[in-house]
1. Out of residues 5 or more away from residue A:28 or on other chains, whose amide H comes under 5 Å of its own, with H placed 1.01 Å from N in the peptide plane?
2. If you place +1 on the Cβ of every Lys and Arg and -1 on the Cβ of every Asp and Glu, how big does the dipole about the Cα centre of segment B:172-328 come out, in debye to the nearest 20?
3. By how many nm would the segment from residue A:74 to residue A:113 grow when fully extended, if each residue of separation counts as 0.36 nm and the alpha-carbon distance is taken off?
4. Please turn the phi angles of segment B:173-189 into ³J(HN,Hα) values with the Karplus equation 6.51 cos²θ - 1.76 cosθ + 1.60 (θ = phi - 60°), one per residue in order, whole Hz, x for glycine and proline.
5. Taking R0 as 35 Å, what FRET efficiency do you get between residue B:236 and residue B:106 from their Cβ-Cβ distance, rounded to the nearest 0.05?
6. Can you work out the Karplus-derived ³J(HN,Hα) for every residue in segment A:69-82? Use 6.51 cos²θ - 1.76 cosθ + 1.60 with θ = phi - 60°, whole Hz, and x for glycine or proline.
7. Could you give the length gained by full extension between residue B:247 and residue B:59, i.e. 0.36 nm per residue of separation minus their alpha carbon distance, to one decimal place?
8. Tell me, what does the Kirkwood hydrodynamic radius of chain A come to in angstroms if you use every pair of distinct C-alpha atoms?
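Values quoted throughout were computed directly from the atomic coordinates according to the rules given, and no laboratory measurement underlies them. Please read these numbers as outputs of a predicted model, since none were measured by experiment. Please note: Cβ atoms are built from the backbone with ideal geometry, for glycine as well, and neighbour counts cover all protein chains shown.
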Amino acid sequence: MNIREMIDVLQGKVLVQNHDPNEELPLGGAADLMSDVLAFGSEGMALLTGLTNPQVVRTAEMAGINVIVIVRDKTPPPETVELARDSGMTLIRTGYTMYEACGRLYKAGLPGLGLVKMVNDSW
Amino acid sequence: MIPGDMSNQEITKVQELIYTTRVESVMASDVIVIDPSMTMSQVKNFMRENRISGAPVVAESKVIGIVTMNDVIRSMEDGKLGSPVTEVMTTDVRTVLMDAKVAEVVNNLGRRGFSRLPVVDHDGKLLGIVTTGTLIRSLLLQMDKSFQKNEAEKLYTYRASHIFQDISSDDTGLTLRYFVNERDFDNAGKASSLIKRSLQRLVVQPQIVRRVGVAVYEAEMNLVIHTDIGGEIVVEVRKDRVNISTVDHGPGIADLKQVLRPGFSTAPEWIRDMGFGAGMGLANIKRVSDVMKLTSDPGHWTRLEMVFNFGPDPLLPKTELEKSLTRGSQ
Ligand SMILES: Nc1ncnc2c1ncn2[C@@H]1O[C@H](COP(=O)(O)OP(=O)(O)O)[C@@H](O)[C@H]1O
Ligand SMILES: [Mg+2]
C-alpha cells in the first residue's frame with residue numbers, strides 16, 4: 001500500500017506532506033503510549049495515534065517513523081504541524097476511530113509487526 | 001562517500017514538489033486585469049502597452065471572463081474592435097483554487113492546452129495567475145533550494161566522518177554535551193534529535209543510530225519529567241562505541257530495583273495524558289543498549305550510563321576495494 005492508497009482508505013486529509021504519495025508503506029502500527037512507539041516502531045512504519053502533541057512527532061522521528069495518522073478527526077495544535085513540517089514528517093488526519101482506521105488499513109493489505117516476543121517481562 | 005544517482009533523486013523531487021506545493025506559492029500575484037467596460041480596441045492597446053498576450057476580465061474582484069490576443073485578432077478580422085470586451089471574451093473560464101496542488105495546474109496547462117489559469121480563493125476572488133513560466137520558475141527555485149540543502153548535508157557528513165582519520169591520537173573521542181530543562185515540553189526531545197543527526201553525520205551504522213535514538217530519547221524524557229532541576233546528556237563518540245550518560249541533581253531514586261521494573265512509574269496523570277509515563281522507559285533503554293547502569297544517591301543525584309558497541313570499524317571509510325566488494329554482493 002502506498003501513501004495515497006492509505007489516504008483513500010482512511011478518507012484522510014493531509015495536514016503536512018513531506019513524501020511522494022506513491023511511496024510504499026512497509027507496515028502499520030498504532031499506539032497512544034510513546035514508549036510503545038519507541039519499542040515497536042520500525043523504519044518506515046505508518047503510525048496511527050490519538051495523541052496530537054508535538055512529542056508525537058519527536059517520538060516518531062526517534063523511532064524512524066515518518067508518516068503519522070491522527071485518528072478521530074482531532075486537530076493537532078500548530079506546534080505539532082510546524083514540527084512535522086520541519087522534521088520531514090507527513091501528517092494525516094482521519095475521521096475514523098483508532099479501531100476502525102486500523103481495521104480498514106489491515107483489511108486493505110497494510111500488514112503489522114506480527115507476534116511480538118516478550119523478553120523477561122519487557123519487550 | 002558521496003552517493004551518486006542525483007538525477008533519479010531530482011526527478012522524485014520534482015514529482016514530490018508537484019504533489020505537495022500549493023498553487024498560491026507558484027502564482028504571480030501582480031495580475032494585470034481587464035475592466036469589463038473596455039472595448040476590444042482598448043484591450044488591444046492595453047495588451048500591447050503591458051506586453052501581455054491575454055488577461056482575465058475582472059468585475060468586483062471576480063473573474064468573469066478571459067480575453068487573449070487571439071480574441072483581439074478575431075475581432076479585428078470581424079471588424080468588431082468597437083465591441084465591448086464582455087461580448088468577445090471567453091466566459092467559461094477554468095480557474096484553480098489557491099490551495100489546490102500544483103499537479104492540478106500541470107494537468108490543465110499541459111494536457112488541456114490552457115496557457116494561463118487564474119487563481120482564486122474559496123469565494124471566487126482573484127488572487128493571482130499561473131502560467132507555464134511562473135510555474136517553471138518557482139519549481140526550479142524550490143529545487144535549487146532543496147538541492148543546496150542536500151549538498152550542504154552531504155558536505156557536513158563528509159567532513160564530520162573524517163574526524164577520526166584527520167585527528168591523530170592513541171585514542172580519539174568526540175564529546176557532545178546537551179542541557180535539558182525540567183518540565184520544558186516545548187524542547188523535550190530536541191537534544192535527542194540533535195544527537196541522532198550528529199551520529200548520522202559521523203556515519204555511524206543506521207541500526208546503532210536508531211538504538212541510540214530510542215534510548216537517549218527515553219533518558220531525555222526522564223530528565224524532563226522526573227527531575228527537579230533538569231540535567232545534562234553527555235555523548236562520547238569513540239572509534240568502536242558510543243557512551244552516553246545522563247546526570248541530574250535530584251530528586252534521586254530511592255529504590256533502583258523498583259524503577260527498573262517494567263510498568264513502574266511515578267508519572268502524574270497529566271504526563272500520562274501526553275502519552276508518557278507507561279513505566280517502560282528504562283526497560284526500553286535496557287533492551288536497546290549493550291550496557292546500561294543506573295545509579296543514584298536518593299535526595300541528591302541520578303546517573304544513567306549506556307554503551308552502544310559498533311560493529312567492525314563503522315567510522316573508518318571503506319577502501320575502494322571494500323566498496324566494490326559490498327556493491328558486488330548486493
Ligand atoms: N532521572 C530520574 N530521576 C528521578 N527518578 C527517575 C529518573 N528517571 C526515572 N525515574 C523514576 O523511574 C521511574 C521509571 O522510569 P521509566 O521506566 O522511564 O518510566 P516512566 O518515565 O514512564 O515513568 C519513573 O517513573 C521515575 O519514578
Ligand atoms: Mg521514562
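1. A:46, A:112
2. Values: 21 positive and 19 negative charges, 149 e Å.
Dipole magnitude for segment B:172-328 comes out near 720 debye.
3. Details: separation 39, 0.36 × 39 = 14.04 nm, distance 2.58 nm.
Full extension of this stretch gives 11.5 nm more.
4. x, 10, 10, 10, 10, 10, 9, 10, 8, 5, 6, 8, 6, 5, 9, 4, x
5. Details: r = 51 Å, r/R0 = 1.45.
The computed FRET efficiency comes out at 0.10.
6. Once rounded to whole Hz, the list reads 10, 8, 8, 6, 6, 6, 9, x, x, x, 4, 5, 5, 5.
7. On the way: separation 188, 0.36 × 188 = 67.68 nm, distance 6.78 nm.
Full extension of this stretch gives 60.9 nm more.
8. Working: mean 1/r = 0.0704 Å⁻¹.
It works out to 14.2 Å.
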